[in-house]
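The values are calculated or read from the model by the stated rules, or taken from the named source; none is laboratory data. From a predicted model like this one, the values you see are computed outputs, not experimental measurements. Here the Cβ positions follow ideal geometry from the backbone for every residue, glycine too, while neighbour counts run over all protein chains shown. Side chains are part of the model used for accessible areas, which takes the heavy atoms of the whole protein and leaves out ligands, DNA and RNA. Shrake-Rupley method; radii C 1.70, N 1.55, O 1.52, S 1.80 Å.
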Amino acid sequence: MANTSKNDEQMKIPTHVGIIMDGNGRWAKSRGLPRLAGHKAGTENLRRVIRACVEFGIQYLTIYAFSTENWGRPKDEVEGLLRILAEVIEKELPELNEQGVQLHHIGRLEDLPENLRQKVNKAIEITKNNQRLVLNVAFNYGGRDEIVCAIKQMMRDGVTPEQVTPDLISSYMFTAGMPDPDLIIRTSGEMRTSNFLIWQASYAEWYVTPTFWPDFDKEELRKALVAFAQRDRRFGKLSEQDATGSKPVNAC
Ligand code: IPE
Ligand code: IPE
Ligand code: MG
């Protein structure tokens, strides 16, 4: 494994990591730059974090790039973010493919401009057989929106109340078939979910760093992984019990 130490290789690595990539605007402001320069720098940073995730052996990475609430920002910022996503997909696709990254999109693709949809779908198609890292790009994603979509689809499918279980609901989420996130990292210090994976992250470990996203590098990721490795995940039980074992009783 390149660029990882013996200690890294012995560390308990989360299977699925989610990242709320926050702080681009403040990063730019602290340098006297426009907000979009922060988003550009944040996008550049993605390349090194994805590379680091592959090196650490993380299997699923979900990145929060644009929330359903972010449409409320000024028009030029929203347009800039849409443009940056289109550019980054085009530019990074060869390297992502080379790294063995399988790209997915979570969120509402249908509300995005046609040219962007095409680029996203093309990248998904080209990378679909890659096996090293599943990368979910949450763009136009909202956790509540995802739950509403899931409920509507269950009703369309004629699901009866007796059939509704946590597993069934998970199978209607954008992340169907994927393990729940083990670790959620939020950069820039905010202590909130901001509507990210609110169903899936019920037992995720949270790690918040004051570092702004464009400065979050491999060393910062290592710190988050070290913190994760030291957590005692009890899932409501006691440490000495097998924390992974039985499922909760479905009371209703
Ligand atoms: C995160 O950075 C990127 C998006 C939400 C699109 P922000 O733009 O939220 O940066 P801050 O929080 O204003 O610093
Ligand atoms: C969350 O960041 C969304 C993304 C990182 C894409 P925000 O900056 O939009 O979150 P709030 O508004 O501070 O909660
Ligand atoms: Mg923010």
Self-check item: Options S239, S202; residue that is under 18 Å from the mean Cα position of the chain (by Cα) and either of a type in the set (D, E, K, R) or surrounded by fewer than 16 Cβ atoms within 10 Å (Cβ to Cβ) (or both)
Solution: S202
Practice problem: Just name the residue that is nearest to ligand 2 (Cβ to nearest atom) out of those in the range 58-98 that are aliphatic (A, V, I, L, M) and part of a strand (DSSP E or B). | Solution: A65
Practice problem: Name every residue in the range 3-37 that is open to solvent by 30 Å² or more (accessible area, probe 1.4 Å) and among the polar types (S, T, N, Q), in order of residue number. | Solution: N3, S5, N7, Q10, T15, S30
Quiz prompt | Hits in the range 63-83 (condition: touching a strand residue (DSSP E or B) at 6+ places or on another chain (Cβ under 9 Å), within 16 Å of ligand 3 (Cβ to nearest atom) and not small (G, A, S)) | solution = I63, Y64, F66, T68, N70, W71, V78, L81
Self-check item: Matching residues in the range 75-95 - criterion: being within 11 Å of ligand 1 (Cβ to nearest atom) and without any contact (Cβ under 8 Å) to a residue 24 or more places away in the chain
Solution: V78
Quiz prompt | Residue among V148, V54 that alone is of a type outside the set (D, E, K, R), over 20 Å from I20 (Cβ atoms), in a helix (DSSP H, G or I) and touching a residue at least 40 places away in the same chain (Cβ under 8 Å) | solution = V54
Quiz prompt | Residues of the range 92-148 satisfying the condition of being open to solvent by 40 Å² or more (accessible area, probe 1.4 Å), under 19 Å from the mean Cα position of the chain (by Cα) and of a type outside the set (D, E, K, R) | solution = N97, H104, N121, I124, Q131, I147
Exercise. For the range 191-204, indicate whether the set of residues that are closer than 28 Å to K6 by Cα and touching a residue at least 40 places away in the same chain (Cβ under 8 Å) is non-empty.
Key: yes
